[in-house]
Amino acid sequence: MNERDFEQVLHQLLTGSDVDGDEDLQGARVSTFEEDGILTQNRGLVVRLQNGAEFQVTIVQSQEAEGGLDEEECRTCELPQSECTCE
C-alpha cells in the first residue's frame, strides 16, 4: 500500500463507500501523535500496517462550525483557553 492507496481507502472509509484494499488495514495499529511522542503542535494519527508500512494523518480544522465557535484548547494543558493558566 502506498500513499495514493491509503488516501483512497481513507476516503472510502469516511464516505461510507465500499472499501477496496481494506485487507491491508486488517491488524493495523493506530495511535495519536501525542501517544507516539511525536513532537508537533498538530493533532494527528499514526497508522502502522502489519507489513511495516506507516502513515501519518495530520488533522487540521479548516473551518469552524456554523452557529458558534468551539473554544480553542491550550495545546499544553488541553483546557479551554479561557480556563488555561499556562504561559
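The values are calculated or read from the model by the stated rules, or taken from the named source; none is laboratory data. Since we're looking at a predicted model, the values are computed, not measured. So basically every Cβ, Gly included, is an ideal-geometry build from the backbone, and we count neighbours across all protein chains shown.
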Residues of the stretch 8-57 classified as outside any loop (DSSP other than H, G, I, E, B) and either in contact with a strand residue (DSSP E or B) (Cβ under 9 Å, 6 or more places away or on another chain) or not acidic (D, E) (or both), total = 23
Could you look through the stretch 5-52, keep only residues that are in contact with a helix residue (DSSP H, G or I) (Cβ under 8 Å, 6 or more places away or on another chain), touching a residue at least 12 places away in the same chain (Cβ under 8 Å) and of a type outside the set (D, E), and pick out the one that is farthest from C77 (Cα to Cα)?
-> G21
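Every residue, every condition in (1) surrounded by fewer than 10 Cβ atoms within 10 Å (Cβ to Cβ); (2) of a type in the set (V, I, T), yes or no:
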| residue | (1), (2) |
| --- | --- |
| E7 | no, no |
| Q26 | yes, no |
| V30 | no, yes |
| F33 | no, no |
| L39 | yes, no |
| L45 | no, no |
Filter the stretch 53-64 down to residues that are of a type in the set (A, V, I, L, M, F, W, C) and free of Cβ contacts under 8 Å to residues at least 40 places away in the same chain and give me whichever is farthest from M1 (Cα to Cα).
-> V60
Every listed condition ((1) at pLDDT 80 or above; (2) part of a loop (DSSP other than H, G, I, E, B)) holds for M1 save (1)
Residues that are under 13 Å from V47 (Cβ atoms) and either in contact with a His (Cβ under 6 Å, 6 or more places away or on another chain) or modelled with pLDDT of 80 or more (or both), drawn from the stretch 7-35 = E7, V9, L10, G27, A28, R29, V30, S31, T32, F33, E35
